[in-house]
1. With θ set to phi - 60° and the Karplus curve 6.51 cos²θ - 1.76 cosθ + 1.60, what are the ³J(HN,Hα) couplings of the stretch 127-137 in order, to the nearest whole Hz, using x for Gly and Pro?
2. Add -39500 (n - 2.57) for each DSSP H run of 4 or more in the chain, then divide by its residues: what number comes out at 222 nm, to the nearest 500 deg cm²/dmol?
3. Could you tell me how many degrees, from 0 to 90 and to the nearest 10, lie between the Cα long axis of helix 153-168 and the main elongation axis, the longest principal axis, of the Cα atoms of the chain?
4. Using 1/(1 + (r/R0)^6) with R0 = 35 angstrom and r between the beta carbons of Glu322 and Glu59, what's the FRET efficiency to the nearest 0.05?
5. Working out 0.36 nm times the residue gap between Ala49 and Gln111, then minus their Cα-Cα distance, what length gain in nm do you get to one decimal?
6. State the extension gain, in nm to one decimal, for the chain segment bounded by Arg88 and His196, taking 0.36 nm per residue of separation less the distance between their alpha-carbons.
7. Reachable aspartates and glutamates from Lys74, Cα under 16 Å, same-chain residues fewer than 8 places away excluded?
8. With charges set only on the Cβ (+1 for Lys and Arg, -1 for Asp and Glu), what does the dipole of the chain come to about its Cα centre, in debye to the nearest 20?
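Readers should treat all values here as calculations from the given coordinates under stated rules, not as data from a laboratory. Quick caveat: nothing in here was measured; it's all calculated off a predicted structure. Cβ atoms come from the backbone with ideal geometry, glycine included; neighbour counts cover every protein chain shown.
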Amino acid sequence: MHSVRTWLLQAGLSITLITPLPALAYYHQHPRAEEFIAEASAEYNIEAAEIRSWLARTERLDSVLEAIARPAEKVKEWDEYQDIFLTRKRISSGRAFLQEHAAILDAAEQQTGVDKHIIAAIIGVETFYGTRQGSYRVLDSLATLAFDYPKRPLFWRELKAFFALTRTEQLDPDSIKGSYAGAMGYGQFIPTSYLHYAVDGDGDGKRDLWGNPADAIFSVANYFKRHGWKNGEPVTQRVRVKGNDYQAVVNDQLKPKWTVAELRALGVIPTHNQGADSRSANLIQLQGKKGAEFWLGEHNFYVITRYNHSRMYAMAVYQLSEALR
């Protein structure tokens, strides 16, 4: 999810919720409102009065502050987390999505080199194939997080980008719905990602990630292409471990930093021998239903974590994509 999980896990930030401040009716009254208005106006060339008028329509949502304290990646292990996404209904709905949008997915795969099953799995994990895009008014969600969340620089930036997005795409900020963290559309793009990676998939002159599956599919594909997806390369595989040397490198970082040969020397034994020992990978450990699971996280696995900086999220996307084949 291009959601809040991405930002928090990327920055390694605590998600402890501070004691709520007295609610303000509207955020144009906030002590930092003029600072925000000046920054957004200068950065995106938007009239200060326009920004101020939109802030005057915002409302603090305590439900947003409560929801951000409970991201699933922080409160669940893989044995429970997988049950959210690897369900019969999500798999059957995903196969129907692949069939319904086969031509679009084939075109996106051909043009970008990104596996269509990965594209579908992202949309399946994020919004159950577009059917659960979020019911929060993004204007309120982002304003609440920008001004009242203790790690607000992450959302301060997104609120500014949201105002720029509504101008660029000629959207009404009042009407846009999304997640509690301001993620939007089929693929749950946050505003900065929408600005940088959304594309017009069907050539109608618009980038509509809420109602246009072609735009949504091509935008997810573009995001992966821009983050370095390598067509035809593996994502991950189960491995076995022996000895104790592997413990020094397990889950050390998301970006691959070892070669497969180096991991072999530390006691990591791949279950499939395809590919060169010179390729880059990391050793991943997850707590599965039968105990510890070990996986080889290769380059494309890392690319999935650019969408959401969580090993469990990437594993859910990968395993759902495999189930959709």
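1. For the stretch 127-137, the Karplus-derived couplings read 9, 6, 6, x, 8, 9, 8, x, 10, 7, 6 Hz, x marking Gly and Pro.
2. Details: 16 runs with 158 residues, N = 325.
For the chain, the value works out to -14000 deg cm²/dmol.
3. Approximately 70 degrees, to the nearest ten.
4. Values: r = 43 Å, r/R0 = 1.22.
The pair Glu322/Glu59 has a calculated efficiency of 0.25.
5. On the way: separation 62, 0.36 × 62 = 22.32 nm, distance 4.23 nm.
Result for the pair: 18.1 nm of gain on full extension.
6. Working: separation 108, 0.36 × 108 = 38.88 nm, distance 3.41 nm.
Residue separation times 0.36 nm, minus the Cα-Cα distance, leaves 35.5 nm.
7. Cross-link targets: Glu66, Asp83.
8. On the way: 38 positive and 38 negative charges, 196 e Å.
In total the dipole reaches around 940 debye.
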